[in-house]
Amino acid sequence: MNKILEGILLAKDDRSKLRKDISSKSLASLSLSLNIPGYPKSTSEISEYFNNILSNLKDFLLSNRIFLNPDFTYHKIDEAGDFFISALNVDDEKIHIVKSYTEDFEQKYGRLIDVDITNSCGHPISSNKVKTCFFCGEYPAIDCMRNRRHDYEYMQNQILSYVNIFNKQEKLNDFKNKISALATESLWMEISLTPKPGLVDHSSSGSHTDMDYYSFVKSTCVISQYFSDIVNLAIDDDYVDSVDALPVLRQIGMNMEKSMYEQTNGVNTHKGGIYIMANLIYVCSYLYYHNSLSIPNIHAKLKAMFAGLVSRELVNTSFKSNGVCCYNKYGIKGIRGEMEDGLPIIFENQIEILRKFIVSDNYETISYALKRCLVDIISRSEDTNIIHRAGYEVYLEFRQKAKLTREFDSKSEFLLNYNNMISYCEEKNISPGGAADLLAASWFVYRLFEN
Ligand SMILES: [Zn+2]
């Protein structure tokens, strides 16, 4: 007998010993294994697949109130492959119900997996159903195996491609949930930061009379429901070219705005935030799906997507918006300039500030870091809202105050000047709304990579 076969048989002996060990305590058992033909029975991809299935199986059992016994639980990888076995806290009269549940589970997750059940005497519980072959789906699996119906290399390739697709999908689902939650978190972090110069926070409406904290609570919640649509667009193979995806992305953005206005009775709480966050979610998801998510790549992808934006929307246009007036009069490009340049203000400055000042995970530290970030953004960004509300001189003066404030290393001096900025906003009735949007976006990118 060759060494490999000997190893596999020994590993299978070990498995039956574990099963006997459990039944010697008069306990039923449940095991999970994979039907992998040939050798090796396990690779890193197969193990990742097994662990995904095992995690789903545990959740499935728990949700059906089937309890594993943690005192007799074994998870191992040996010559026979990946294997999990646990005693079950289930009486023998209910064991057939457990079997029918696990059959549903097998049905859902495909023919590659085996969930075996034994009763408290160690007798296997069979459903007497014949399993169809994983590879052809036509004949009983045992029949194809005995007749060597499928070529060995073909089977290995089929399994590798199957587990890779499954693992990628699991990762993607996880990413989708995480990035949507993170985008919501970023909007909360911005609005919760208190106090802020001129902006709405949870104790003041700043320089605004038409909105308050509750307006932001409502619009944050309603905007959040669209984040997963943006991720789905970014990972849709029908829209590999981002130029094709842009009109769909715009449509989602328009729906977000519409929902926001409905919640706030027509007040703009998040228009700029939607614009930046929707594009960032799209770009990050796109890059993740194409295995190239990194800070330089987000910057480069944004730059490519928004190339020529200033010339299209500020120079060669007959539209006389506030943004166009600011550009014609002062050469200020505002958020369009930031987008065209790929949001350098986030990648070159804010991530570094957040990394430097967030030395522990408590909110006081985080809140201080966010204030430093906000001041830095005000000092560097071109906020056309301020020019529109109070004129160019005030805009320059406010930016100058932010430049001075950001230079203070000492926390107390920084906060003293930060409070002076708050007073200045009250006095001039201004609000750096564009900076607030960039603050939320900075937190989003920071957390995406700190996680
Ligand atoms: Zn077959």
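Structural remarks
- S55 satisfies every condition listed in (1) of a type outside the set (A, V, I, L, M); (2) under 30 Å from the mean Cα position of the chain (by Cα); (3) within 16 Å of the ligand (Cβ to nearest atom) except (3).
- Verdict on E138 being free of Cβ contacts under 8 Å to residues at least 40 places away in the same chain and out of contact with any helix residue (DSSP H, G or I) (no Cβ under 9 Å at 6 or more places or on another chain): no
- Matching residues in the stretch 150-169 - criterion: being within 30 Å of H290 (Cβ to Cβ) and either within 12 Å of the ligand (Cβ to nearest atom) or in a loop (DSSP other than H, G, I, E, B) (or both): Y154, M155, Q158
- Checklist (1) in a loop (DSSP other than H, G, I, E, B); (2) at pLDDT below 95; (3) not polar (S, T, N, Q) applied to P197, failing item: (2)
- When L416 is tested against the conditions (1) under 21 Å from S205 (Cα atoms); (2) crowded, with 16+ Cβ neighbours inside 10 Å; (3) hydrophobic (A, V, I, L, M, F, W, C), the lone failure is (2).
- Residue under evaluation L396, criteria (1) of a type in the set (A, V, I, L, M); (2) at pLDDT below 95; (3) surrounded by fewer than 18 Cβ atoms within 10 Å (Cβ to Cβ); (4) over 34 Å from the mean Cα position of the chain (by Cα), criterion not met: (2)
- Candidate set from the stretch 218-241 (those that are free of Cβ contacts under 8 Å to residues at least 24 places away in the same chain and crowded, with 16+ Cβ neighbours inside 10 Å); member that is nearest to R399 (Cα to Cα): D229
- In the stretch 109-119, the residue that is farthest from R19 (Cα to Cα) out of those that are at pLDDT below 95 and in a loop (DSSP other than H, G, I, E, B) is G110.
- The single residue among L309, L280 that is under 24 Å from G433 (Cα atoms) and more than 15 Å from the chain's Cα centre (by Cα) turns out to be L309.
- In this structure, T132 does not qualify as crowded, with 18+ Cβ neighbours inside 10 Å and either β-branched (V, I, T) or within 16 Å of the ligand (Cβ to nearest atom) (or both).
- One residue stands out in the stretch 422-438 among those that are of a type in the set (G, A, S) and farther than 9 Å from L199 by Cα: the one that is surrounded by the most Cβ atoms within 10 Å (Cβ to Cβ), namely A435.
- Positions within the stretch 306-324 being within 14 Å of N385 (Cα to Cα), in a helix (DSSP H, G or I) and free of Cβ contacts under 8 Å to residues at least 40 places away in the same chain, in sequence order: V324
- Extreme residue, farthest from the ligand (Cβ to nearest atom), among residues of the stretch 108-129 that are surrounded by 13 or more Cβ atoms within 10 Å (Cβ to Cβ) and free of Cβ contacts under 8 Å to residues at least 40 places away in the same chain: H123
- Meets criteria (modelled with pLDDT under 95 and of a type in the set (S, T, Y)) for Y330: yes
- Any hit, the stretch 138-149, residues being surrounded by 18 or more Cβ atoms within 10 Å (Cβ to Cβ) and away from the ligand (no atom under 16 Å from the Cβ): no
- Reported count of residues in the stretch 21-39, each being at pLDDT below 95 and either in contact with a Gly (Cβ under 8 Å, 6 or more places away or on another chain) or on the phi > 0 side of the Ramachandran plot (or both), is 2.
- S120 vs. criteria closer than 25 Å to D14 by Cβ and of a type in the set (S, T, N, Q): yes
- Leading residue by the ranking (surrounded by the fewest Cβ atoms within 10 Å (Cβ to Cβ)) among those in the stretch 165-193 that are of a type in the set (V, I, T) and closer than 22 Å to W443 by Cα: T184
- When E338, E348, E352 are checked against the criterion of being part of a helix (DSSP H, G or I), within 19 Å of G273 (Cα to Cα) and not assigned by TED's automatic domain parsing to the domain that holds L438, a single residue qualifies: E338.
- Residues considered: L233, L199, L246. Of these, the only one that is over 27 Å from V267 (Cα atoms) and away from the ligand (no atom under 16 Å from the Cβ) is L233.
The values are calculated or read from the model by the stated rules, or taken from the named source; none is laboratory data. In this text, all values refer to a predicted model and were calculated from it rather than measured experimentally. Here Cβ is always computed from backbone atoms with ideal geometry, including for glycine, and neighbour counts include all displayed protein chains.
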